[in-house]
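Novice: One structure coming up, written as structure tokens, with questions to follow.
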């Protein structure tokens, strides 16, 4: 392209990008860099910032609460993600056929994903009520004697959060899987049937490979989202009992907005970002191995 | 239809119905609990339709929470964020997709890289910035950052790229500048993607909890999630009133959902497929 024409194009291009770019720099890129820097300071948000180098990060390694939130987050991810994606995929498989009331079912399954978490948490609080809640009443009626106190139980608090999270999010992934499933050509299934493949074989050799790019994408998205879990923890258990459900984002929140340790909180947030980055890169590298479509 | 096929169908429908009931249980129980009394709300086996319907719970909840203000605030913030985001994302996405300016690909890569940065990393610096500007306890702190979304640019760029260049060429030959081309040709063709982004952004902003939590202190400026949350905290054992309040807060959300779910589903499918 001629030089002057290229300048013109550049000008127009940047003009279009500018509104978004300004916001991007001011509200996303700028703060990100500032957060990276802030991790090296100690700051109570009021007084002067004190350079402490790697102190914040060293303290994090020795902070038992941080370690707990780290482990809790991984515990959440490794349980919630498979359950959520599995449920979503299962529902999508059930719905992926000509079906009366298909849209109605899809509407129902997706509904939990659009409700405001703050509005629905009261019901879950009630469901999990140790003595009067319907969950324990149901279990008791089935003869279960040693009833857990759910959100007040060190061992069952996180599973309580996981269950609520699956309810909230499965529908979202169901929608993605439904779209992916509908894109697998019927002819492949036909060919498999002609070759004598039964339902399970068709699922393993046609369906799964056919939606493998989507599975890969969804897995990354679900893992990243699970590392960022906050609303349910803040509203249902407040990181408790004790530190049983203290997750990384909750830790960052309490460090910054209840303890006013902005430097330390930024360090923790940066670690969160680093974890997300590493996990995503690892997943990306593995893509070659099993995305077959 | 063969007998085995018919049985298969029945099993399928029954399974779907069961899962539906389980999925709807929390919402149904909340609805039924909202018109019960504290004494009967936990009755087991569950009586979904109570003998006496205490609709006055709703009046009580409405009097205890200024829902009018909460709805107004949420509506204002969600609408402004959505409009702002649509505007900036459409312009930027068009440039990334169809205008060959120098540095375009590197810049877009930079955008993509930040998609992995969670809000929690940038929330502290953002908060500091707004506080220093004296905007900490204001709606602006929620509106301004919300108007700039990498995700929106990404989604629309993917979509715009799929629009054939020939259409744009024809417009350029007819003398249209880039802006005319964008608004008269590209946008009408992208109604699906744009409406999806709009609904998504609106829903996401309406339901946002963390950002309003850290910024808003005045009760008069609170959004629905925060206001309702405070209500619950202050009356933690009054299940019936809180449930009534929760139902009130969910009515707009569910109504909008029923009318726009097509766009939500389509938008999610778009993100999933174009990956």
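Novice: Note the angle between two axes, namely the Cα long axis of helix B:224-234 and the longest principal axis of the Cα atoms of chain B, as a number of degrees from 0 to 90, rounded to the nearest 10.
Specialist: Approximately 30 degrees, to the nearest 10.
Novice: Turning to a different aspect of this structure: Report the relative contact order of segment A:1-100, percent, no decimals, based on alpha-carbon pairs under 8 angstrom and at least 6 residues apart.
Specialist: Once normalised by length, the contact order is 11 percent.
Novice: How much length would be gained if the chain were fully extended between residue B:218 and residue B:131, taking 0.36 nm per residue of separation minus their Cα-Cα distance, in nm to one decimal?
Specialist: 29.8 nm
Novice: Peptide B:23-34: average number of partner chain Cβ atoms within 10 Å per residue?
Specialist: Neighbouring Cβ atoms belonging to other protein chains average 5 per residue here.
Novice: Hey, another quick one. Could I have the simple spin-label model distance between residue B:234 and residue A:138, label points 7 Å from Cα toward Cβ, reported in nm to one decimal?
Specialist: 3.4
Novice: Can you tell me how much longer the chain between residue B:259 and residue B:166 gets when fully stretched, taken as 0.36 nm per residue apart minus their C-alpha distance, in nm with one decimal?
Specialist: That works out to 30.0 nm of additional length.
Novice: Tell me what chain B gives for mean residue ellipticity at 222 nm when only DSSP H runs of n ≥ 4 count, each as -39,500 (n - 2.57), the sum divided by the residue total, rounded to 500 deg cm²/dmol.
Specialist: Value at 222 nm, helices only, nearest 500: -23500 deg cm²/dmol.
Novice: For segment A:133-246, place one equal point scatterer on every Cα, skip the solvent, and apply the Debye formula. What is log10 of I(q)/I(0) at q = 0.18 Å⁻¹?
Specialist: Evaluating at q = 0.18 Å⁻¹ gives log10 I(q)/I(0) of -0.92.
Novice: Can you give the alpha-carbon Rg of segment B:46-133 over 2.2 N^0.38 Å, where N counts its residues? Spell out each step's value before the answer.
Specialist: Details: Rg = 22.8 Å, N = 88, 2.2 N^0.38 = 12.1 Å.
With N residues counted in segment B:46-133, Rg over 2.2 N^0.38 Å equals 1.89.
Novice: Against the longest principal axis of chain B, how steep is helix B:119-132, in degrees 0 to 90 to the nearest 10, with axes from Cα atoms?
Specialist: 80
Novice: Gap in Å between the Cα centre of segment B:194-219 and the Cα centre of segment B:13-65?
Specialist: The distance from the Cα centre of segment B:13-65 to that of segment B:194-219 comes to 27 Å.
Novice: In addition: Running Debye on segment B:180-275 with equal point scatterers at the Cα sites and no solvent, what base-10 log of I(q)/I(0) appears at q = 0.12, 0.14, 0.15, 0.24 Å⁻¹?
Specialist: -0.56, -0.70, -0.76, -1.18
Novice: Further question on the same structure: Rg(Cα) of chain B divided by 2.2 N^0.38 Å?
Specialist: 1.28
Novice: Given contacts defined as C-alpha pairs under 8 Å and at least six residues apart, what's the relative contact order of segment B:191-275, whole-number percent?
Specialist: Normalised by residue count, the contact order of segment B:191-275 is 47 percent.
Novice: If only Cα atoms are counted, what is the Rg of the protein assembly as shown, and what is its Dmax, in Å?
Specialist: In Å, with Rg to one decimal and Dmax whole: 25.2, 82.
Novice: Now, a different point. With viscosity set to 1.306 mPa s and temperature to 10 °C, compute the Stokes-Einstein D of segment A:128-183, Rh being the Kirkwood radius across alpha carbon pairs; µm²/s, no decimals.
Specialist: For these conditions, the coefficient is 120 µm²/s.
Novice: Calculate the spin-label point distance for residue A:203 paired with residue A:44, positioning each point 7 Å from the Cα along the beta-carbon direction, and give it in nanometres.
Specialist: 5.9
Novice: Among A:238, B:2, which comes first, then next, by fewest other beta-carbon atoms within 10 Å?
Specialist: Listing A:238, B:2 from fewest to most nearby Cβ atoms yields B:2, A:238.
Novice: At a threshold of 8 angstrom on Cα-Cα distance, excluding pairs fewer than six apart, so keeping six or more, what relative contact order does chain A reach in percent?
Specialist: Answer for chain A is 29 percent.
Novice: Okay, helix-only estimate at 222 nm for chain A: each DSSP H run of n ≥ 4 adds -39500 (n - 2.57), divide by all residues, round to 500 deg cm²/dmol; what do you get?
Specialist: -22000 deg cm²/dmol
Novice: Which whole-angstrom value gives the distance between the alpha carbon centres of segment A:1-43 and segment A:195-222?
Specialist: 40
Novice: A follow-up question, please. With axes computed from alpha carbons, what is the tilt in degrees of helix B:104-114 against the longest principal axis of chain B, rounded to the nearest 10 within 0 to 90?
Specialist: The angle comes out at about 20 degrees.
Read the figures in this text as sums done on the coordinates, not as results from a lab. From a predicted model like this one, the values you see are computed outputs, not experimental measurements. A quick note on method: Cβ atoms are made from the backbone with ideal geometry, for glycine too, and the neighbour counts reach across all protein chains shown.
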